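Undergrad: Before anything else, here's the structure in question.
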């Protein structure tokens, strides 16, 4: 007895379904957002109080309050910013993951720890939704510097890796 | 098993229709059963195919979701400055008891520059106090000046780790066994533990430092010196 064969109609239907799956996969690949603007997290110039201080950029609030210091004088500080927009007609879901801390380094080797980035930023592990035609979504970024007062003066810099996971 | 079963199998698998062969004899009946088994195999094959395709799609879809992630690095910067400057000022940048024409019986010389509520930094010395008639000239409290760009409150711990120090002959500290004792610096100076000094950003704050010097009887003529640590606390 020969093995049963698919009729042309059956093959066509099967191919149709496969194409549907393939299209689904292809469509998933094309779902994405676009970072259209990035602004650094800047603590500006900190005239550090000798006994130390904690400088906070509380970007979890909207609007972001002025960077705060208890005893030091801070000028020129502002929160960081990522602006996202949809790049396709499909709805895009984006998870935004921020680190808890990063190191800021100075040319001479001195380091500062930028802490509580996740706490003081608008990171959203559960995600946001991007829709084409909607206003861009702004993700503000902050953190805090805990300074003891004996840190080396100078320019410090580092990078905060933000993971954008499109779904 | 009957043809109905076959037809049922055919109906429930719309993608692959089974060929219908004879149907009246035993042999045919047997054949029909085989056909149904083949139908089941075909059905299973189709389900497996679709399932595999779906799993593949889901897996690929998941892979794409992960692959669509990106890391954006946002620069973070800070410029640290420390504008606080501590310096000694005055005509003699030190706690200076000047020249003491000492009573041979010894004496206690007091330079009172202590803090008051109105002058938390203390006050410049007017006249050194004595208890036994010694004559003091050129005595001067030290002036510690604090400047900063921002507002500060300063409190000084004098003679950190003790209450007094000894001043010894600056030329012959071994041969001259006379020792003068400097004490009560905290009580006779400004910005002490009891009354801290507020310093306004951009304006210098002056802290006067005095003390009490005990000269023993029979002290030799000499220049006596000593150093002591202080701790400047910024509150």
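What follows draws every value from the coordinates through simple rules; no lab data is involved. All of these numbers come straight from a predicted model, not from anything done at the bench. Cβ sites come from the backbone with ideal geometry, for glycine too, and all protein chains shown count toward neighbours.
Undergrad: Quote the relative contact order of segment B:79-128 in percent (integer), defining contacts as alpha-carbon pairs under 8 Å separated by 6+ residues.
TA: On the way: 21 pairs, mean separation 11.3, N = 50.
After rounding, I find 23 percent.
Undergrad: Using a Debye calculation, one point per C-alpha and no hydration shell, please list log10 I(q)/I(0) for segment B:90-235 at q = 0.14, 0.18, 0.19 Å⁻¹ in order.
TA: Per q value, in the given order, log10 I(q)/I(0) is -0.65, -0.99, -1.08.
Undergrad: Further question: What shape does segment B:70-142 take by its C-alpha gyration tensor, where a ≥ b ≥ c are the square roots of the eigenvalues and a/c under 1.5 counts as rounded, a/b above b/c as prolate, and the rest as oblate? It would help to have the intermediate numbers written out before the result.
TA: Details: a/c = 5.07, a/b = 3.75, b/c = 1.35.
It is prolate, given that a/c is not under 1.5 and a/b is the larger ratio.
Undergrad: Now for a separate question. Can you give me the Cα centroid spacing of segment B:87-115 and segment A:59-88 in angstrom?
TA: Rounded to whole Å, the Cα centres lie 55 Å apart.
Undergrad: Further, regarding this structure: Under 8 Å for C-alpha pairs, at least 6 residues apart: give me the relative contact order for segment A:64-158, rounded to a whole percent. Don't skip to the answer; put the middle values down first.
TA: Details: 165 pairs, mean separation 32.9, N = 95.
Once normalised by length, the contact order is 35 percent.
Undergrad: Only counting other Cβ atoms within 10 Å, I'd like A:62, A:47, B:186 sorted with the fewest neighbours first.
TA: Working: A:62 9, A:47 22, B:186 19.
Ranked by crowding around the Cβ, least crowded first: A:62, B:186, A:47.
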